[in-house]
Amino acid sequence: MTSFLSSRRLRGGLTGAAVAALVLTTAACGGTTRGEEEGGGSAGEASASANPDAEIPSGLKISFLPKQLNNPYFAIADGGGENAVEEIEGEFSEVGPSEASASSQVSYINTLTQQGVDVIVTSANDPNAICSALDQARAGGANVVTFDSDTDPACRDLFISQATSEGIAQSQIDLMAEQMGGAGQVAILSATANATNQNAWIEIMETYAAEKYPDMEIVATVYGDDEDEKSFQETQGLLQTYPELKGIISPTTVGISAAARYLSGSEYKGKVALTGLGTPNQMREFVKDGTVTAFALWNPEELGYLAAYAGAALAAGQITGAEGETFEAGELGEYTVEADGVVVLGEPTVFNADNIDDFDF
Ligand code: RAM
């Protein structure tokens, strides 16, 4: 894959992210505690001891397995991973399915295991479907890092979380409340029905909305499966089924851009609010034409970059995945492993007409 995002832009993204950063809670992601016996012989075993001074060996094979390949978000995230792998003189590869269904990643994991890669970095389409394949990969010596969307914590060494689930979910509800006045019907257009990340956010969104905005009613959650056409049609369906709908929240870059395209060419433009998680480059025209007021995202390039460095730190033995360990992630600086093997990238940015042109991803 071509490294189309320079490290210069990565630094630019870091500066830009400070422009409109949300203040988020620091609560860790949920998850069960990893059992000591479940490490499968990889560097992530709780009993292994870390050597923070260990050098990252050159030639590490680090493979990225996104939810799906034909998703611009993952092209950016994996590009960040490739930049990091170049910096540590490793061997980068990217493999993955064309659709984000629950078990579509299993055969790719099995192949990577046979190839003996040192690190698998993956965004899980389902919390459980890839667990036994990942267990085999770890038993064969691979280090497993999830990023973006986690698997069962017992099946990986680390999860690189884009931000806290609470922060991501609550900011989407707050943005929606601001845009539709806090009262009326709202629907959610999600990715796939199994997606660990979207499902975690939706659960928190529902609870938070019920507590903070009792007059906001979440009337439906529909699934566009992270496919553009299906997301477009689901948007159309929502507006037909709920003529009183005041807003749509789409916590997926594929969903929000398809929904924006539908709304911008319809009678609902500027009347039905739309927010969620999108890339600035996909959403720019819809902010400029008045379809969308504000939406959010973290920097996907930084997420992939951090995940690759975390995998290298595991493979080098600098860390084992235990709480409190620290490692250096190139230009992003030092990160600390939190409870349940979670490393949090930082805070998402809210994009609107005032700042969207400061971002190019
Ligand atoms: C989509 C994917 C991804 C999610 C983003 C916000 O591209 O579902 O997992 O993190 O949206």
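General observations
- The chain: angle of helix 106-115 to the longest principal axis, Cα-based, in degrees nearest 10: 30 degrees
- Cα long-axis angle, helix 300-316 against the chain (0 to 90 degrees, to the nearest 10): 20 degrees
- Modelled FRET efficiency - R0 22 Å, Thr207 with Ala183, Cβ distances, 0.05 increments: 0.75
- Amide H partners (placed H, <5 Å) of Val343, local residues excluded: Phe159, Ile160, Ser161, Glu338
- The chain: angle of helix 72-87 to the longest principal axis, Cα-based, in degrees nearest 10: 30 degrees
- The stretch 112-165 - charge dipole about Cα centre, Lys and Arg +1 at Cβ, Asp and Glu -1, debye rounded to 20: 80 debye
- Computed label-point distance, nm, for sites Glu267 and Ser107 using a 7 Å Cα→Cβ extension: 4.6 nm
- Stretching the chain fully between Asp357 and Glu244 yields a gain of 37.4 nm (0.36 nm per residue, less the alpha carbon separation).
- Per residue value of the accessible surface for the chain (all protein chains in place, 1.4 Å probe), Å²: 38 Å²
- Using a cutoff of 8 angstrom between alpha carbon atoms and counting only pairs six or more residues apart, the relative contact order for the chain works out to 24 percent.
- Relative intensity, log₁₀ I(q)/I(0), of the chain from a Debye sum that treats every alpha carbon as a point, q = 0.10, 0.13, 0.15 Å⁻¹: -0.57, -0.95, -1.24
- Normalised by 2.2 N^0.38 Å, where N is the number of residues, the alpha-carbon radius of gyration of the stretch 165-297 equals 0.92.
- Accessible surface of the stretch 165-297, 1.4 Å probe, proportion on carbon and sulfur as whole %: 45 percent
- DSSP bridge orientation in the chain - percent antiparallel, rounded to nearest 5: 20 percent
The values are calculated or read from the model by the stated rules, or taken from the named source; none is laboratory data. Here the structure is a predicted model, which is why all the values come from computation and not from measurement. Positions of Cβ are generated from backbone atoms using ideal geometry, with glycine treated the same way; all protein chains shown enter the neighbour counts. When the accessible area is computed, the model is the full protein with side chains, heavy atoms only, and any ligands, DNA or RNA have been set aside. Shrake-Rupley method; radii C 1.70, N 1.55, O 1.52, S 1.80 Å.
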